[in-house]
There are 2 protein chains.
Amino acid sequence: MSTITQVPRPLPEQLVELIAERFRIIGEPMRIRLLDALREGEASVQELQAAIGASQQNVSKHLGVLLRAGIVSRRKDGNFAVYAIADDGVFELCDHVCGGLRRQLENLDALLPGGTSR
Amino acid sequence: MSTITQVPRPLPEQLVELIAERFRIIGEPMRIRLLDALREGEASVQELQAAIGASQQNVSKHLGVLLRAGIVSRRKDGNFAVYAIADDGVFELCDHVCGGLRRQLENLDALLPGGTSR
DNA sequence: ATATAACACAACTACATCGTTGTTTGCTAC
DNA sequence: GTAGCAAACAACGATGTAGTTGTGTTATAT
C-alpha cells in the first residue's frame, strides 16, 4: 500500500488549514516529548508525567490535544487512562524533519574551513 | 545517500526544540500557501503576493521566516527579490501529512454506514 | 457511605505571533 | 540628483495558546 498522496496543485484552502493545524499540533516541545515517550509503548498519564517532568494538568491537556487530533488513542484501565500512539506516521514525520535538520547542518559544516569536526 | 536518520531514544532537549520549531514554522496557513506557490518555481514577492492575495508586508515577513529557517532561498534580481524552495523535503513532509489526514478520513469513513460516498 | 487516587475540565495570567500601518532602504530610470 | 518602485524593517493591536491554580468526576478501597 504505497501512499502516493497526489496532492492537488493549488492546494484548496480547507486542506491548507488542515495541514497547518496538523503541523502546529506537532510543533510543540511538550507534545513532542509525550510522543517520544509513547514511542516505547502505551503509558498512563502518571507515567508520562513522571517521564517528562511536567504537571498532571499540563500533560493531560496536551494529551487531549493529541487525542482530538487522532494522533494518540485513549483507553481507560480502572482508575488510569492509558494513552498510545494511534498514528505511527508521526515518527516518520519527525525522522524526516531530523533528516532535514541534518542536511542543513551538513551544509553549514561544508562552509566552514575545518570540515566535519570543529 | 539514504537518509536513515537514526534518532536517539530519549530525544535530547535541544533536538526537541529544533523539531518543534521546524513544525511550528511550517504550521502556518500563509507559509504553506507560499511554499505551495513556490512549487511551480521561483517567484518574486510581487508574484507571490498576487498569487496568494495578501499584503506585501505580510508576504515579505513570512518569507523572512522561511528564509531564516533555511526552507527557501533568496536571490536579488535588480529591484526584485526572487525566492525559491531550498529544501525540497518540505513537500515530502506535506505529502506525509496529507497521507495521515487521508488515513484518518478513511477510518472515519469506515465507521459510517454509507461507505465512501455520503 | 467515605476517603483517596487518577484524570479531566475551567478560569486565569503571561507570552508569542499574526496581520496591519507607517516608514526606510535599495535599486532603476529619467 | 530626483522620482518611483520593490522589498524589508519597526511598532502596534488583536488573537491564540502554554502553563498554572482550583475544582469537578470517576473509580477503587476501606
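The table that follows gives values for the structure above.
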item	result
Inter-copy label distances at B:GLY64 (7 Å, Cα→Cβ; nm, one decimal)	3.6
Distances in nm from B:SER44 to the matching label points in the other copies, shortest first (labels 7 Å along Cα to Cβ)	6.4
Candidate lysines for bridging to B:LYS61, where Cα separation is under 29 Å - those fewer than 8 sequence places away on the same chain excluded	B:LYS76
Residue-averaged beta-carbon neighbours from other chains (10 angstrom radius) around B:30-42	3
Partner chain coverage, peptide B:63-75 - average Cβ within 10 angstrom	1
Cα principal axis extents for chain B, largest first, Å	58, 42, 28
Environment charge of A:LEU93, counting only residues whose C-beta is closer than 12 Å and scoring Lys/Arg +1, Asp/Glu -1	-4
C-alpha long axis of helix B:29-38 to longest principal axis of chain B, angle in °	70 degrees
Shortest-first distances to equivalent copies, position A:GLU17, nm, label 7 Å out along Cβ	3.4
Quarter of Cα convex hull surface for the protein assembly as shown, i.e. mean projection, nm²	17.0 nm²
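Laboratory data are not the source of any read-out in this text; all were calculated from the coordinates shown. The structure presented is a predicted model; accordingly, all values stated were derived computationally and were not measured. Virtual Cβ from ideal backbone geometry, glycine too; neighbours counted across all protein chains shown.
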